[in-house]
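Take a look at the structure below.
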Amino acid sequence: MKGLPIRLRLTLAFAVAVGVVLAATGLFVYLQQESALDRTVNQGLRARAADVTALAQQADSGLREGRGAAADSSGFAQVLTSAGRVVDATPGLPPRPLLQAHELAHLGSQGRFISYTLSRERVRLLAVRVHAQDSNRVVVVGTSLEPRLTALDDLRTELLIGGPIALILVSLGGYLLAAAALRPVDQMGEQAATISAANPGQRLRLPPADDELARLGRRLNDMLARLEAALERERGFVANASHELRTPLALLKTELELTLDEPASIDAYRAALRSAHDEADRLSQLAEDLLLIAQADAQTMPIRRSTITVADMLSAVAARYQRRAADTGRTITVDAPADLTLLADRFRLEQALANLIDNSLRYGSGPIRLAAAEDPQQVEIEVSDEGPGFPPEFLHRAFERFSRPDQARSRDGVGLGLAIVTAIMAAHSGSATASNRVGGGASVTLTLFRPHGADHRLSGVPSIPAMPSVASVTDNSSAISNL
């Protein structure tokens, strides 16, 4: 069954169901007809028994002489004594009694129907006890069952012939109906075969009726739209990555060519090598960032969770950037509860926080504040400054890859910092949001959700060893970017 086409499976299932219905209906009709014929025969026998009883009460030779309605040719009758001797009988019957002695002994007051073969013919008898001629008699009337059997045979033949014919016709109709119902699916399949990346924008034609097939077509069209958007993002990602890789490679090549073509002093060689080293560092960092984004897309970013103290982690990241902030006259402050802990990958969280601080040092101004707050369900870590904030038109795409407020400033990062932040948060089943503060400045909030019922506090919480984990990156991780 599994290897058959759907229309054949539908037809076979329909044929089986119809076959069961036809068989049940035929059996019901046959049994009903049999019961109706039996009732007719029994009613006729009871009426004839009443006539024979009235005749026996008048004389002992009424049946033999053919008198009255009880002596017609539609059946036969006998009048017996209690001992089984034949007193009267219709002509043509054998002289022996129709009932045996043991049958007479078990004869009830309501009479008894008996079926058996008489002279190679199936008959039905009705025997009743009566009081006639001042003595007890037994009236036996009978009729042939051949007409009943013939009618039932004819009905059975009609059902056995007509039923399969009806089943074949209905199955053929079911096949045609299934084929007609699945024709729009075939048409959708043919249309889908023509859709490719070379001709984007094509969609499946939907049937006019708002039925299951139309809903399926709409869902497939929505899926095609999502695939197109994903493909376009991948194309943009590849194009941007190629552009970002080409720039430092071109600079590196130029530096080396100039150094090789023109004799220079040791200082000039050192300057050229230092510039080449910087470009190589930039290439290395870009490669690492692209690898992390690829791991996030493939949901394979390694996450090694352990119990970390949030205040210590924020202080460590702040200390790493204090000197750079001091060079520009800025400060980095930490505001977090001393006993607040998290079950997370400290290396990845520090990487995300480092990207946010780096962005703030590049594009913001004023003090940089690292703050943490908690409630029973989640922990929020905010990185904010007092600079100009995000351009309003940039906020909706702040987390897109290779997205920068000023695309012309290509030397100010490649636009993957916030992409990495969001990928790391998604790997922790958390989220990252960007906004502008009311009093001025940019703010990025990292939200990490606690396990249900968890309360990570320093008091009484044992350290949990680091363990490998597979990142669970949602589709939102593809819409992230550095400033």
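So for each of 368-378, 155-165 I average, over its residues, the number of other beta carbons within 10 Å; can you give me the resulting order with the highest mean first? Could you put the intermediate results ahead of the total?
Details: 368-378: 16.2, 155-165: 12.6.
Going by the mean number of other Cβ atoms within 10 Å, highest first, we get 368-378, 155-165.
Report, to one decimal in Å, the Kirkwood hydrodynamic radius for the stretch 215-297 based on all distinct Cα pairs.
Working: mean 1/r = 0.0632 Å⁻¹.
Taking the inverse mean of 1/r over all distinct Cα pairs, the stretch 215-297 comes out at 15.8 Å.
Could you check the simple spin-label distance between LEU155 and GLN299, using points 7 Å along Cα→Cβ, in nm with one decimal?
With each label placed 7 Å out from Cα toward Cβ, I get 6.4 nm.
Tell me, in nm to one decimal, what length is gained between ARG219 and ARG64 on full extension, where the rule is 0.36 nm per residue of separation less the Cα-Cα distance?
Working: separation 155, 0.36 × 155 = 55.80 nm, distance 8.94 nm.
Additional length available on full extension: 46.9 nm.
Express in nm, to one decimal, how much length is gained between LEU176 and GLN43 on full extension, taking 0.36 nm for each residue of separation and deducting their alpha carbon distance. Present the calculation step by step, with values, prior to reporting the outcome.
Working: separation 133, 0.36 × 133 = 47.88 nm, distance 4.98 nm.
Full-extension gain reported as 42.9 nm.
Using just the alpha carbons, could you tell me how many Å³ per residue the convex hull of the stretch 33-171 encloses?
Values: hull volume 17.0 nm³, N = 139.
Looking at the stretch 33-171, the number lands at 122 Å³ per residue.
A short reminder: the numbers here are calculations on the coordinates, not readings from a lab. For clarity, every value in this text was computed on a predicted model and none was experimentally measured. We place every Cβ from the backbone using ideal geometry, glycine too, and count neighbours over all the protein chains shown.
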